[in-house]
Amino acid sequence: MMRSFLLMVLLIGAVAVTAVAGTIEGTVSPGKSSVVYVDTIQGKTFPAPSQQPIMDQKGLMFSPHVMVIQVGTTVEFLNSDSVQHNVFWPSISGNKKLGHNLGTWPKGDKRPFKFDNNGVVSLLCNVHPEMAGYIVVSPTPYFAETDASGNYKIENVPDGKYNVVAWHEGMKPQTKSVDVSGTGKADFTLSK
Amino acid sequence: MGRLSSRAGSTFLQFLLLMGTLIIPSRESAAIPAFSRLYGTSCSTCHIDFPKLNDFGKAFKDAGFKFPKDDESMLKIPPVMLGAPANAELWPKAIWPGTIPGIPPIGLRMNNYFQYTGTSSGKFASLTPAGTLPPFVPTTDFETGLFSIFTAGNFGSDIAFWVDDDISVSGANASGELGDGYLKFVNIGRLIKLPKNSLNFRVGQFELELPFTQARSIWISPYDIYSQANIGAMNSLVPLQQFVNNQFQMADVGKGVEFSGGLHTGGYNYSIAFIDQNTSGIGQDQNPGSPYVPQATGSNLGGVGVASDANFKDIYASFNYRFNLEHDKESRKAIQAAGPTGPRDHTYLNFGTYYFYGRSVQRLLGAASDGTAALVTAREPFYRVGGNMTFNYRCCLQFNALYMYGHDNNLLPIDAAGDLIPLQNLSTAVPVGFIHSTPATFSGGFADVEWLAYPWMMVLMRYDGVNSTSDRINGLQTNPSFTGAPFNAPFASTRNRFTPGVQFLIHANIKASFEYQFRPSQSVVIATNPVTGLPIALNPFHTNTAVAGLEWVY
């Protein structure tokens, strides 16, 4: 009897969790390397993740070309080239006060930087002006990058109503309101 | 009048020549867009204000037009293999197999100029001989510069190549000519176990390893001292006579071989070159050789070995040592310093010296000792020697200076009686030999400051000075009514020039340049001051010139 009761509690719990942790999915045009994230949720803060992703400079390119992180994340900037590189960004989403220059470091070394402001960071190297990379700093932990076909899926999003932002290099970002009740769907067609 | 006397009276032609050189820019090579394509990188990887190289560009060139390390991983367009790498196992110490670039490494360059010359420049028209029309010097003039094609790269196994050719100069297709065209075997010292980078070998046609390159100078106007030919005093109105007519200029390209070593990014570097002698200025196209000598190449312009005017090969040697003044030890070892806001060149002090030795040839129809007609040849040894210095402060400020002393032995023709033949009588006299006389010398140099105010703006200032007694004498007026006074501050003697300039990189491959060339006042009319009785200069004029240039490479 007791055993059946416990199973029932677990089953109800599982159903309840599933109902809270929904998904947002859809497509973004143009497809690959677009970023979709849930914009700032009033009254909610999220602990910064401890994971430190790596933005590499290899073969005179930033790798990955586009990275999306949660605000508060520390990114390790690595130089894998045998030439010296520099990393700087003139602004974050146009706010020049948030521009920063990380300096120069040789092959194999890394420089950490914690991004405390959300927005789009355009990474540049002042000696190789053709190099460009992007870090999209999301205000929430709910974000995703599109696959080669432009599909995305943001998981573990609690039920609710959110503003969802889609971004792609060289395109105007677009915001849509999405109701998540188990699932939510938003397709974006971005333009220049 | 003999041919030398005719030259002595060519002040007017010298003026025209000067005017011409104001318009015609120096022969230049430029950045290599082909490398941008191969590596997918911007010009600024190797250049500060193209075609000036930064330290990485120098290292790239020293390595044989490739990245000093991990070159293969940097290439966005992989090379085409001319044999599988495993073939090297057959002949492990040979250089086969090689590669060719994945795309034809071709770059193109075009420039246009606009020149403004002061209206007073026409006042030298009084030099025009009676009965001839004076020249017209326009105040403003548009001029196309060079349209050049260049290709360079690496064939693998440290064999580098470079060819640049001016397809068109000043809009005239026929004026184009080959600039540099060479093959360079980098680091061949490894074959005889010499230290790395201590020995390279280059063969072909190339600019000598000058302390400051003329071909890759960022200045619109050439360095005056590099274009100084040593023409001895040939004015029959003055007692000093010099049978020197050496057309050699340091900026000339040489055909031959070069041994070099060291790096241009730190420590020593040297060059020893052996090149064809051609001091009489006869081009290959005017020297088709003898119909009795087979032309090995089949060229209709002379084939192999007939463009030189002697068997002697000129010798050039240079040595430089660069002291690295970078504070940060780690950065000092790297090609570029790790500045707080990005890589930059090291702070350094470079000292160098150079020496050129050749023999200037002049031939005359004369007689042998037995009286039979013979070609008599004066082989007059000459040398150019000097020193250079550079102080570079980090990314943005550089001071350069160069001094040169030129010396040509002077062999004067004598007749059968052993008497000197006046040069103006050469066409009628019968020379049998030569005796030594006063050498023809000159000296001078330049100093400049180059300040990279912004990554897209270079501010420049240069001083050029050339002091040649012979030039001054040759500049004397030959009109009998002119009593012997030279230009009061003659362009033809001590040539002083201050040249401020500014350049803007509109794009990394498009540059707008501006130079203003200040020259001292000159005058060709000398009168006697009625009060003091001293000579005074009338009709003074300047040949100050403003030049604006627009050039692009792609």
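The figures follow:
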item	result
Fraction of antiparallel bridges per DSSP, chain A only, in percent to nearest 5	75
Average other protein chain Cβ within 10 Å of Cβ, residues A:125-135	5
For chain A, built as a Gaussian network whose Cα springs stay under 10 Å, the top-fluctuating residue of A:G26, A:G170, A:G182	A:G170
Net length gained if the chain between B:L550 and B:I149 were fully extended (0.36 nm per residue, minus Cα distance)	142.7 nm
Rotationally averaged projected area of the stretch B:147-286 (alpha carbon convex hull; nm²)	12.0
Percent antiparallel among DSSP beta bridges (both partners in the stretch A:47-139, rounded to 5)	70
Inter-part distance where the stretch A:171-190 and the stretch B:400-459 are each reduced to a Cα centre, Å	80
Residue mean of other protein chain beta carbons inside 10 Å, B:38-44	5
FRET E, pair A:A21, B:L82, Förster distance 56 Å, beta-carbon r, rounded to 0.05	0.40
Convex hull of Cα atoms in chain A, direction-averaged projection (nm²)	13.5
Sites B:N425 and B:L240, calculated FRET efficiency, Cβ-Cβ separation with R0 25 Å, nearest 0.05	0.95
C-alpha long axis of helix A:2-20 to longest principal axis of chain A, angle in °	50
Separation in nanometres of the label points that stand 7 Å from Cα toward Cβ, at B:I167 and B:T532	5.8
Reach of A:K107 by Cα under 17 Å, taken over lysines that are not fewer than 8 positions away in the same chain	A:K58, B:K69, B:K329, B:K333
Highest-fluctuation residue, A:D159, A:D179, A:D109 considered, GNM on chain A with Cα pairs under 10 Å	A:D109
Helix-only [θ]222 nm of chain A, DSSP H runs n ≥ 4, -39500 (n - 2.57) each, per residue, nearest 500	-3500 deg cm²/dmol
Estimated FRET transfer efficiency when R0 is 22 angstrom, pair B:E89-B:K69 (beta carbons, to 0.05)	0.35
Cα Rg, Dmax (largest Cα-Cα span) when computed across the stretch A:47-139, Å	12.2, 37
Average beta-carbon neighbours from other chains, 10 Å sphere, peptide A:56-63	3
Contour minus Cα-Cα distance for B:A512 and B:W456 (0.36 nm per residue)	19.1 nm
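Values in this text are rule-based calculations from the coordinates and carry no lab data. Quantities reported herein were computed from a predicted structural model and do not represent experimental measurements. Positions of Cβ are generated from backbone atoms using ideal geometry, with glycine treated the same way; all protein chains shown enter the neighbour counts.
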